[in-house]
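This report concerns only the one structure given below.
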Amino acid sequence: ILGQDRINTAAAVNNEWIALATTKNGVNIIDLKGHLIQSFSKKEGIQNNNVLSVLLDNQGNLWMGLDNGIDCIAINSAIKLLNPNSQDASIYTARIFNNRLYAGTSSGLYSVELQQIPDLSYSKGSFVPVANASGQAWGLSEINGKLLLAHHEGAYEVSDNSATRITPYLGFWNFVPMSSVFPTASIVSGTYKGLSFLDYRNNHFTESFKVPGFSETSRFVALDRFNNIWVSHPYHGVYKVTRTDGNNFITKLYTQSNGLPSSLNNHVFKIKGDVLVASEKGIYTYNTEKDNFEYSPLYGELFGKQSLRYLKEDEDGNIWFIHEKNVGIADMSAHPPKLIYLPELNRKMLSGFEFIYPVDSKNIFMGGEKGLFHINYDQYKKNSRDIIVQLRSVKITDNLDSLLFGGYFWNVNEIQQQGKNQVPNIENRWKTIHFEFSSPEFGQKANLEYSFRLEGFNDKWSDWSGKTEKEYTNLPGGNYQFEIKARNNLGKESGVYAYAFIFQPPWYQTTWAYFIYTIIFIISVYLIYRAQRKKFLRQQIKYEQEQKNFLYLHQLEINKAESELVTLRNEKLQAEIDYKNSELANSAMHLVHKGELLTKLKTELSQTMKMIDNNEGKTEMKKMIKVLTEDDKMDKDWEDFAQHFDKVHSDFIVGLKEQFPKLTSNELKLSAYLRMNLSTKKIAQLMSISVRGVEISRYRLRKKLEIPTGASLFDFLMQLRF
């Protein structure tokens, strides 16, 4: 090879390998003995074969200066892509047998001879097709020292790079031995239409029989410790096929009603001796006593309830899995076990036909959409070096944009740490600040996630994500520090990179503005105080006026109450007067009746005396008449009457006598009787005079009282007050 091409330059890859840049064949890597280790040309994906220069960076990546462009090859990467043919075929299965690597593709079965080296990805050789195996090759299994091929055309045995058909039926998915004893006497195969048994006789496998009554396609088959055959169908559920005796079987379907989270997307696998169901909501195990499926708390602590499509256990007890289109491993060597994802392979697996073949910790094969992936897991974990994160650029934006920082504070090869005098002071007219960041870990680009925060604005770190830019808008004035950090898929974090800057406040947030605000505030407080004081005084005056009005109204109410009280008292007094008048009238009537009675008695006695002839009797009668005519008693009755009358009429008689001393006793009596509004007849009886005599007495009384003609004597007497 070296004699046929021109070497432009060379570089040491490590202590044992050298990279040679050629004009026609790309880059060839050889060891110190001249053996070819690897070659990279246009066939392997570089842009062209004329390599003018090479450089090995501190991460072990090989950079190539091409005739037209720059390429980078992660030659120390633990993940490599192998293509069995030039068509980027999809890989469904792989197996190492008799020092050859077999790969089943959509176009047939291919194989390549392997070299005796720990990392088989460095084995040199070219894949060649296996004879009689063209078409879709679904599965490869090594059983009883034989390599069996599950093929679209049927079941095959592969030997000497040639396939021999062993069944007449089409469509085989897999082969599962019915016993761990070597050699096993029987195997079960999942086919397009159910399960088929193969027997091992005379050093060969031959078809035995099909499971009767079961015709579901059986791409996922697992055998439990009781030799029950478990088959999962992605759209129907999980089947348990149990052999009773001879060739008789009992089939039972388990769906959502039997404990599974759904009847869809369930896949059975055998892990650590147990049959597990990978579902849309985690891993489920079969409970023999209850005859149903239950969520596994053991695997739930590890995987949670994420959807799983594929499980495979390696020789170290680690569990490789595929979640949706992401590949990961449950690393049991860690304490406690942890999940490690391989983002380099995200969305590169063959969806629906996922396949993982762990040979050992240095050789893990995975079927991809475009080739066969090889993973050196030991190297993958060792490749985790210290991570560096850098700020690429800082831009500020208004109507225009401006580059504030372009990635370098110092010379290119110096540590790019910000100095104290390199903190920018940004004017407020710039409304937006935009940060872009990344890590120069070229070999781990797909594995890195970033977290950031802006101290002075939000001290909480953001969630980890693959986002490599952040923008802030309309930040208030102040001092800020933008911080970023990175971590890889193994959980290793970088140090924190910090970039400080100052955002000037707007004019209305400057010191002078705050001073003016303070003055305005003080003046406003004073004006408000004055306004409030005036308002208080107005309210006080209003309150006092209201109090005066209230007191005035209260006094009016009191006066009204007193007036009403006086009225009530007057009414009561009037009622009492009326009552006393009534009593006086009754008393007067009593006197009238008494007078009438005395008069009648005198008259009767006088007539009786005329009829008595006895002088002594007449004398006695005269004495009686004389007694009746005595006025003493009458005067005593009058004095009692006058006393009661004055009590009722406010000393009327006493006052009248004092004001008009010329009035006689009879005239005082007449005045009292007139004030009581007694009739003339009653007055005549009370005074023991005739009606004419009462009229004459009234006339004399008017003259002594000097009452003018036409005036009423009664009204005059009623109006007198003493």
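The values are calculated or read from the model by the stated rules, or taken from the named source; none is laboratory data. Treat the numbers as computed from the prediction; the structure is a model and nothing was measured. Note: ideal-geometry Cβ built from the backbone for every residue, glycine included; neighbour counts use all protein chains shown. With ligands, DNA and RNA removed, areas are computed over all heavy atoms of the protein, side chains included. Shrake-Rupley method; radii C 1.70, N 1.55, O 1.52, S 1.80 Å.
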*Per-residue ellipticity at 222 nm for the chain, helices alone: DSSP H runs ≥ 4 residues times -39500 (n - 2.57), over residue total, nearest 500 deg cm²/dmol?*
-9000 deg cm²/dmol
*Accessible area per residue, Å², segment 1-60 with all protein chains present, probe 1.4 Å*: 60
*How much area per residue is accessible in segment 114-235 when the probe is 1.4 Å and only protein heavy atoms are counted (Å²)?*
45
*Could you sort 138-145, 185-192 so that the peptide with the highest average Cβ count within 10 Å comes first and the rest follow in order?*
185-192, 138-145
*In whole angstrom, note down how far apart the Cα centers of segment 285-364 and segment 117-170 are.*
26
_Suppose we keep just the alpha-carbon trace of segment 481-536; what are its Rg and Dmax in angstrom?_
24.9, 75
*With the Cα gyration tensor of segment 366-447 in hand, give its eigenvalues times 5 under a square root as the equivalent ellipsoid semi-axes, listed largest first in whole angstrom.*
39, 18, 9
*asked:* In Å, what Kirkwood hydrodynamic radius results for the chain from the alpha-carbon pair distances?
replied: 38.6
*Which lysines have a Cα lying under 28 Å from the Cα of Lys542, excluding residues fewer than 8 positions away in the same chain?*
Lys534, Lys560
*Net charge near Gly443: determine it from the other residues with C-beta under 10 Å of the C-beta of Gly443, scoring Lys and Arg +1 and Asp and Glu -1.*
-1
*Taking the Cβ of Asn49 as the center, what net charge do the other residues with Cβ under 15 Å away carry, scoring Lys and Arg +1 and Asp and Glu -1?*
0
_I want to check the label-to-label distance for Met611 and Asn98. Put each point 7 Å from Cα in the C-beta direction and report it in nm to one decimal._
18.9
*For His554, His152, His233, His335, what's the largest-to-smallest order of accessible area, 1.4 Å probe?*
His335, His554, His152, His233
_Rounded accessible area per residue of segment 296-365, 1.4 Å, Å²_ = 43
*What is the set of long-range amide H partners of Phe405 at a cut-off below 5 Å, with H atoms built 1.01 Å from backbone N?*
Val394
*11 Å cut-off, amide nitrogen to a point 7 angstrom out along Ser462 Cα→Cβ, residues in segment 474-512*: 483-485
*For the chain, which whole-number percentage of the solvent-accessible area (1.4 Å probe, protein heavy atoms only) is attributable to carbon and sulfur atoms?*
51
*Evaluate the distance, in nm, between pseudo-label points positioned 7 Å from the Cα of Leu52 and of Asp398 along their respective Cα→Cβ axes.*
4.4
_Degrees between helix 691-705 axis and first principal axis of the chain (Cα, 0 to 90, nearest 10)_ = 70
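So what is the relative contact order of the chain, in percent, for Cα pairs below 8 Å that sit 6 or more residues apart?
On the way: 1310 pairs, mean separation 41.1, N = 722.
In percent, rounded to a whole number, it is 6.
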*Measure nothing fancy, just the Cα-based angle from helix 511-611's long axis to the longest principal axis of the chain, in degrees from 0 to 90, nearest 10.*
30
_13 Å beta-carbon shell around Leu565, net charge (K/R +1, D/E -1)_ = -1
*With Cα atoms, 0 to 90° folded angle of helix 632-648 axis to the chain main axis*: 30
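Taking the convex hull of the Cα atoms, report for segment 190-236 its projected area averaged over all directions, in nm².
Mean orientational projected area (segment 190-236, Cα hull): 4.1 nm².
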*Lys/Arg Cβ at +1, Asp/Glu Cβ at -1, dipole of the chain taken about the Cα centre: which of Ile73, Pro661, Val566 is farthest positive-ward?*
Pro661
